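Novice: Mind having a look at this structure? Questions to follow.
The values are calculated or read from the model by the stated rules, or taken from the named source; none is laboratory data. Values in this document were obtained by computation on a predicted structure and should not be read as measured data. When we count neighbours, we look across all protein chains shown, and the Cβ atoms used for this are built from the backbone with ideal geometry, even at glycine. What goes into the accessible areas is simple: the full protein's heavy atoms, side chains included, and nothing from ligands, DNA or RNA. Shrake-Rupley method; radii C 1.70, N 1.55, O 1.52, S 1.80 Å.
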Amino acid sequence: TTQNDIAPRIASLTTVSTPHRGSPVADLVALKVAGRFPSFGPAHVAAELAGLTEEEVENQLNSLGISEAGLLDLTTESTQRFNQTFKDNPAVRYFSVAGEGRLGLLHTSALLLPFYLYIEAVAREKNDGMVTVPSAQWGTFDAQLWPTDHADEVGHDLDHLLAFDAAGTLARYTRIVNTFSSPAA
């Protein structure tokens, strides 16, 4: 261990809809940044169906305060490289949870909806508008998916900025503690 090794002070790490294996949204942004935005094929059809042009991707991300440059670290390729380079510490227990989108007609906030639809069309996997459920799985996974979009998972309702579902957010995080705090977890 090195002088700065904090692993001995960490019993567990729980991630919430973290794109451990990348995000189709990050992959789309990488294509945009590289000047190769899909102009044919399944990704193009999915982007068109979701209303995502190059300009709209940039507008949506700007509206959310998300950096295109930051998303480049969350591509499938970048996360694969990261996972190969940085291995899990055997002394740390790893847990994960994921959201599958909101219940009802609109599965995400209006700002995340185009990304949700894009991911659904391209990956054909449950997602929270930014991350697919399979990508969020790491270590011991709680299969009880959260009925939230990516922002809801941390208590932000992008459709109602002044609203805060403290009870719902607290209940989800209490479930994490209760599920993963037992020695058997």
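Novice: Please give the number of the condition V97 fails out of (1) without any contact (Cβ under 8 Å) to a residue 40 or more places away in the chain; (2) touching a strand residue (DSSP E or B) at 6+ places or on another chain (Cβ under 6 Å).
Specialist: With respect to (1) without any contact (Cβ under 8 Å) to a residue 40 or more places away in the chain; (2) touching a strand residue (DSSP E or B) at 6+ places or on another chain (Cβ under 6 Å), V97 is out only on (1).
Novice: Shifting gears a bit: If the requirement is being over 21 Å from G22 (Cβ atoms), of a type in the set (A, V, I, L, M) and modelled with pLDDT of 90 or more, which of these qualifies: L106, L145, L158, L170? So that I can check it myself, show each step before the final result.
Specialist: Details: L145 fails: over 21 Å from G22 (Cβ atoms); L158 fails: modelled with pLDDT of 90 or more; L170 fails: modelled with pLDDT of 90 or more.
Answer to the selection: L106.
Novice: Evaluate the following for A136: is it modelled with pLDDT of 95 or more and on the phi < 0 side of the Ramachandran plot?
Specialist: It is true that A136 is modelled with pLDDT of 95 or more and on the phi < 0 side of the Ramachandran plot.
Novice: On to the next question. So which residues in segment 47-72 are part of a helix (DSSP H, G or I) and among the aliphatic types (A, V, I, L, M), if there are any at all?
Specialist: Initially, segment 47-72 is screened for residues part of a helix (DSSP H, G or I), giving 47-49, 54-64, 68-72.
A47, L49, V57, L61, L64, A69, L71, L72 - these are the residues of segment 47-72 that are part of a helix (DSSP H, G or I) and among the aliphatic types (A, V, I, L, M).
Novice: Another question, then. Scanning segment 34-50 for residues that are open to solvent by less than 60 Å² (accessible area, probe 1.4 Å) and touching a residue at least 60 places away in the same chain (Cβ under 8 Å), which turns out farthest from T148 (Cα to Cα)?
Specialist: A43
Novice: Moving to a separate point now. Would you pick out the residues in segment 70-80 that are under 14 Å from the mean Cα position of the chain (by Cα) and not polar (S, T, N, Q)?
Specialist: G70, L71, L72, D73, L74, listed by residue number.
Novice: If you check N89, N83, which single one turns out to be more than 19 Å from the chain's Cα centre (by Cα), open to solvent by less than 80 Å² (accessible area, probe 1.4 Å) and of a type outside the set (V, I, T)? First the steps, then the outcome.
Specialist: Details: N83 fails: more than 19 Å from the chain's Cα centre (by Cα).
Being more than 19 Å from the chain's Cα centre (by Cα), open to solvent by less than 80 Å² (accessible area, probe 1.4 Å) and of a type outside the set (V, I, T) holds for just one of N89, N83, which is N89.
Novice: Give the residue that is least open to solvent (accessible area, probe 1.4 Å), with candidates limited to residues of segment 59-78 that are β-branched (V, I, T) and in contact with a helix residue (DSSP H, G or I) (Cβ under 8 Å, 6 or more places away or on another chain).
Specialist: Kept after step one, since they are β-branched (V, I, T), are these residues of segment 59-78: 66, 75-76.
Now drop any that are not in contact with a helix residue (DSSP H, G or I) (Cβ under 8 Å, 6 or more places away or on another chain), which leaves 75-76.
Details: T75: 12, T76: 65 Å².
Ranking the candidates gives T75 first.
Novice: Filter segment 151-185 for residues that are part of a loop (DSSP other than H, G, I, E, B), open to solvent by 60 Å² or more (accessible area, probe 1.4 Å) and under 15 Å from L64 (Cα atoms) and give the result. Steps first, answer last, please.
Specialist: In the first step, residues of segment 151-185 are kept if they are part of a loop (DSSP other than H, G, I, E, B); the result is 151, 155-165, 181-185.
Of the ones still in play, those that are also open to solvent by 60 Å² or more (accessible area, probe 1.4 Å) are 156, 159-162, 164-165, 181, 183-184.
H156, D159, H160, L161, listed by residue number.
Novice: Tell me yes or no: at least one residue of segment 92-101 is open to solvent by less than 20 Å² (accessible area, probe 1.4 Å) and of a type in the set (V, I, T). Let's see the steps before the verdict.
Specialist: Of the residues in segment 92-101, the ones open to solvent by less than 20 Å² (accessible area, probe 1.4 Å) are 92, 95-99, 101.
Checking which are of a type in the set (V, I, T) leaves us with 92, 97.
Yes: segment 92-101 contains one or more residues that are open to solvent by less than 20 Å² (accessible area, probe 1.4 Å) and of a type in the set (V, I, T).
Novice: Out of the residues in segment 1-33 meeting the condition of being modelled with pLDDT of 90 or more and over 23 Å from E120 (Cα atoms), tell me which one is most open to solvent (accessible area, probe 1.4 Å).
Specialist: Taking segment 1-33 as the starting set, the residues that turn out to be modelled with pLDDT of 90 or more are 13-33.
Then drop every residue that is not over 23 Å from E120 (Cα atoms), which leaves 13-14.
Details: L13: 82, T14: 47 Å².
Checked segment 1-33; the qualifying residue most open to solvent (accessible area, probe 1.4 Å) is L13.
Novice: Let me confirm something: among D149, D128, which residue is in contact (Cβ under 8 Å) with a residue 60 or more places away in the chain, in contact with an Asp or Glu (Cβ under 6 Å, 6 or more places away or on another chain) and of a type in the set (D, E, K, R)? Step through it out loud before you land on a result.
Specialist: On the way: D149 fails: in contact (Cβ under 8 Å) with a residue 60 or more places away in the chain.
Testing whether each residue is in contact (Cβ under 8 Å) with a residue 60 or more places away in the chain, in contact with an Asp or Glu (Cβ under 6 Å, 6 or more places away or on another chain) and of a type in the set (D, E, K, R) leaves just D128.
Novice: Further question on the same structure: Could you please tell me which pairs satisfy a Cβ distance under 7 Å, a separation of 6+ or placement on different chains, a first residue in segment 51-78 that is farther than 16 Å from H20 by Cβ, and a second residue that is open to solvent by less than 60 Å² (accessible area, probe 1.4 Å) and not in a helix (DSSP H, G or I)?
Specialist: Filtered contacts from segment 51-78: E54/F37; Q60/L111; S63/L111; L64/L111.
Novice: Does segment 6-25 include one or more residues that are closer than 24 Å to A151 by Cα and in a helix (DSSP H, G or I)? Step through it out loud before you land on a result.
Specialist: Within segment 6-25, the first condition is being closer than 24 Å to A151 by Cα, and the residues that meet it are 12-25.
If we keep only those that are in a helix (DSSP H, G or I) as well, we get 24-25.
Yes, segment 6-25 contains a residue that is closer than 24 Å to A151 by Cα and in a helix (DSSP H, G or I).
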